[in-house]
1. Could you pull out the trypsin sites (Lys or Arg not before Pro) across region 77-155 that fall in loop regions by DSSP (anything but H, G, I, E, B) with no more than 13 other Cβ atoms inside 10 Å?
2. A 19 angstrom limit on the alpha carbon distance is what I want to check against. Which of K36/K151; K43/K95; K40/K99; K55/K151 exceed it?
3. Where does the Debye-calculated log10 I(q)/I(0) of region 79-155 sit at q = 0.13, 0.17, 0.21 Å⁻¹, using only Cα point scatterers of equal weight, no solvent?
4. When only C-alpha pairs under 8 Å and at least 6 residues apart count, what is the relative contact order of the chain, in percent?
5. First measure r as the distance between the Cβ atoms of Y85 and A39, then evaluate 1/(1 + (r/R0)^6) with R0 = 22 Å and state the FRET efficiency to the nearest 0.05.
6. For T96, T61, what's the fewest-to-most ordering of other Cβ within 10 Å of each Cβ?
7. Compute the helix-to-body angle for 17-40: its Cα long axis versus the longest principal axis of the chain, expressed 0 to 90° and rounded to tens.
8. Can you give the convex hull volume of the alpha carbon atoms of region 34-125 per residue, in Å³?
Amino acid sequence: MVRAGFIAVRPAPFKEKEPRFVLLRAMEKVSKEIEKEFAKTTKTWNEHHPEFYHKLTVKYTEIGSAVGTDDEIYGYLNNGTQVRYAHMTDDFEAKTTPKVIGSGPGKGGFAYIGKPLPGIEARQWDEVITENYEGRFNEILDAAMDECAKKSGHG
């Protein structure tokens with residue numbers, strides 16, 4: 001005689017709150033790390049200190065995070081400009097470099113506002129940080145998902 005038999009295995013009930021907190025903690029962790037990366041770009045700035053923030057968003061099926069600043073000067077450097085009116089001293093050396101996270105000592109400074117000059121070359125810090133953190137972000141979220149599975153009764 002040949003038979004086929006099946007046993008239905010019901011999974012444990014899903015515990016929704018714990019996984020959500022695990023994911024929120026993971027997003028908070030990666031957001032703070034990224035915020036520190038942005039702060040490195042202004043570490044040696046003397047007088048102007050942009051404030052960086054991170055904001056978590058929670059929707060029914062997703063948790064997101066935005067890290068950044070609303071600082072106008074930082075925006076000019078990060079995004080670049082078509083023209084600039086600020087003339088610098090003859091010995092001026094920028095404290096920052098395009099696509100480099102960090103800032104150096106620099107030299108010289110602002111002299112006067114004058115005729116238009118070629119714009120500021122975009123530093124693109126936001127793009128570099130995003131590229132640099134893609135792997136780290138996935139690593140942190142993968143670990144959080146494993147923890148979620150355990151805490152929800154399914155791991």
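Read-outs throughout are calculated quantities, based only on the coordinates presented, and are distinct from any laboratory measurement. All values reported here derive from a predicted model rather than from experimental measurement. All Cβ positions, glycine included, derive from the backbone under ideal geometry; neighbour counts span all protein chains shown.
1. Those that pass, being in a loop and sparsely packed, are K99.
2. Flagged as over cut-off: K36/K151; K55/K151.
3. Log10 I(q)/I(0), no solvent term: -0.59, -0.78, -0.99.
4. 30
5. For R0 = 22 Å, the calculated efficiency reads 0.20.
6. T61, T96
7. Tilt of helix 17-40: around 20 degrees.
8. Dividing the Cα hull volume of region 34-125 by its residues yields 107 Å³.
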